[in-house]
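> Sharing a structure with you now.
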Amino acid sequence: MIKNDTLDIIRTRRSVRQYKATPVEADKLEAVLQAGTYAPTSRGKQAPYIVAVENEAFKERLARMNAEVMGVTLNPYYDAPVYILVFAPADANNPIQDGSCILENMMLAAHALGLASCWIHREKEMFATAEGKALMAEMGLPEGLMGIGALSLGYADGPLPEAKPRKEDYYRIIR
């Protein structure tokens, strides 16, 4: 196996579902967000929007909305210090793919900086509602966006989970 810092970050990143209450330093949050802006986007249009939420009242609203979609009462963002939301224009060429690349870049950057993250779903459903559209307006976002996904972000409260073994036939090389 080739040893390389970037490849090691990819191989060792894990989804974390327990966070310390420790705030994320502003420079680290900025670096994670900036990493998202360097993700590839369809036709290079940079159509998505990224919103980091640290405000507790705002986070409570998001957690409640997400939990309602999920049909649970727990916090789907795992009480992380930061929630990062990704939106894209619904009529963009590839909104889901663009947003997914952004989320992955941010997860890898977070891990490289000693932070933990977890990809969170249901933002598409959350922000399709009247409440979700009003919340997007409160965030200063333009109309016509859809929720792509989110990250919980913070410091892991415990060791990172072990990687599951990779399946034998995961990839093929045709020469």
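> Please pick out the residue among GLU168, GLU143, GLU162, GLU131 that is surrounded by 11 or more Cβ atoms within 10 Å (Cβ to Cβ), more than 20 Å from the chain's Cα centre (by Cα) and either modelled with pLDDT of 95 or more or acidic (Asp, Glu) (or both).
GLU131
> Would you confirm whether any residue within the range 45-57 is at pLDDT 95 or above, assigned to a helix (DSSP H, G or I), under 18 Å from LEU103 (Cα atoms) and out of contact with any Asp or Glu (no Cβ under 6 Å at 6 or more places or on another chain)? Explain how you work it out, then say what you get.
Residues of the range 45-57 at pLDDT 95 or above: 45-57.
Now restrict to residues that are assigned to a helix (DSSP H, G or I): 56-57.
Those left that are additionally under 18 Å from LEU103 (Cα atoms): none.
No, there is no match, as no residue in the range 45-57 is at pLDDT 95 or above, assigned to a helix (DSSP H, G or I), under 18 Å from LEU103 (Cα atoms) and out of contact with any Asp or Glu (no Cβ under 6 Å at 6 or more places or on another chain).
> Residues in the range 94-108: is at least one within 18 Å of LYS59 (Cα to Cα) and within 18 Å of the chain's Cα centre (by Cα)?
No: the range 94-108 contains no residue that is within 18 Å of LYS59 (Cα to Cα) and within 18 Å of the chain's Cα centre (by Cα).
> Which of the residues belonging to the range 73-87 are acidic (Asp, Glu) and over 13 Å from SER152 (Cα atoms)?
none
> Surrounded by fewer than 16 Cβ atoms within 10 Å (Cβ to Cβ) and either polar (S, T, N, Q) or closer than 23 Å to MET136 by Cβ (or both): does that describe PHE58?
So PHE58 fits the description; yes.
Residues checked against (1) over 14 Å from GLY154 (Cβ atoms); (2) surrounded by fewer than 16 Cβ atoms within 10 Å (Cβ to Cβ); (3) among the polar types (S, T, N, Q); (4) touching a residue at least 40 places away in the same chain (Cβ under 8 Å):
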| position | (1), (2), (3), (4) |
| --- | --- |
| MET1 | yes, yes, no, no |
| ARG17 | no, no, no, yes |
| GLY36 | yes, no, no, yes |
| GLN46 | yes, yes, yes, no |
| GLY71 | yes, yes, no, no |
| PRO89 | yes, no, no, yes |
| ILE96 | yes, yes, no, yes |
| ALA110 | no, no, no, yes |
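The values are calculated or read from the model by the stated rules, or taken from the named source; none is laboratory data. Quantities reported herein were computed from a predicted structural model and do not represent experimental measurements. All Cβ positions, even for glycine, are placed from backbone atoms using ideal geometry, and neighbour counts span all protein chains on display.
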